[in-house]
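Q: Structure provided below as structure tokens; questions to follow.
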Amino acid sequence: MPAARELAGFLSVLQLSDSGFPGGRYTLSHGLESFAQEELLETPCGADDLAALLADCVRFGVGPSDGVALACAHRAVADDGTVDVEPVVQADQRLSAVKLAREPRDASTRSGRALLAAAPAVAGVRMRGYADLVALGYVPGNHAVVLGLLAALLDVPRFHAVAGELFAFSAGWVAAAVRLGLTDHLTAQLVLRRVRPVLAEAAERATAGGVDDIFSCTLLPDVMSMRHEQAELRLFAS
């Protein structure tokens, strides 16, 4: 039943990208809290400005970093479920290397470990081999890499898995904007609609990428994340 299998994969994407998934990502503002504290964004902030900032974060940050790393991990899983560990290790280590700010780097590994712990409930697997490498500290255990492996085991197509991750980032980003009082719920939905073409393009590029293509170049959001570490009052973990 190819149609049923495809639908099962789609439903898995919905589950993994849902805001209620117990990965702790609702605690992340991706630097937005510092943007608000530094008054670099108007309050309320218009859809145009928010969509432009989010689009840049996707195009130059999460897409070519987490998106490509996810695709690499997904590609390393064979049809029989066996994993070619070497490219997974390389993708995991390179992804940590391109996350310049400490808070996003720590958040990525923290949510990755939470996803590993949830794997038995989500897929009925424990991913023991890779989980052992993470437990031993041999690999960081970034969320995108764990998600790529899990998505492959759930028969989620690579492109759909990457697109789901980019959407989950974007949905969490606009939710943080609402909680920070930068915008309202309706404007947040408008922002998500406007960045859809950006998400699709970034997912397509990321899906075709390899380990050497993993990079991130979001200078201002990185600086905001670094400033967030020193903030006296913080609503979010990053």
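Q: Which of Thr218, Thr187, Thr27 comes first, and how do the rest follow, when ranked by fewest Cβ neighbours within 10 Å?
A: Thr27, Thr187, Thr218
Q: Highest mean first, how do 222-229, 71-78 rank when packing is the count of other Cβ atoms within 10 Å averaged over residues?
A: On the way: 222-229: 18.9, 71-78: 22.8.
Highest mean packing first, the order is 71-78, 222-229.
Q: Determine the distance separating the Cα centre of the range 172-193 from the Cα centre of the range 19-49; give it in Å without decimals.
A: Centre-to-centre (Cα) distance: 8 Å.
Q: Find the centroid of the Cα atoms in the range 102-161 and in the range 200-238, then give the distance between the two in whole Å.
A: Centre-to-centre distance over Cα atoms comes out at 18 Å.
Q: As I understand it, the value is the acute angle between the Cα axis of helix 102-123 and the longest principal axis of the Cα atoms of the chain; what does it come to in degrees, rounded to 10?
A: In the chain, helix 102-123 runs at an angle near 40 degrees to the longest axis.
Q: Find the all-direction average of the projected area of the Cα convex hull for the range 28-228, expressing the result in square nanometres with one decimal place. Working shown, then result.
A: Numbers: hull surface 41.5 nm².
If I average the Cα hull's projected area over directions, I get 10.4 nm².
Every number here is computed from the coordinates shown, using simple stated rules; none is lab data. The model shown is predicted, which means the values in this text are computed figures rather than measured ones. Neighbour counts are summed over all protein chains in view; Cβ atoms, including those assigned to glycine, are modelled from backbone coordinates with ideal geometry.
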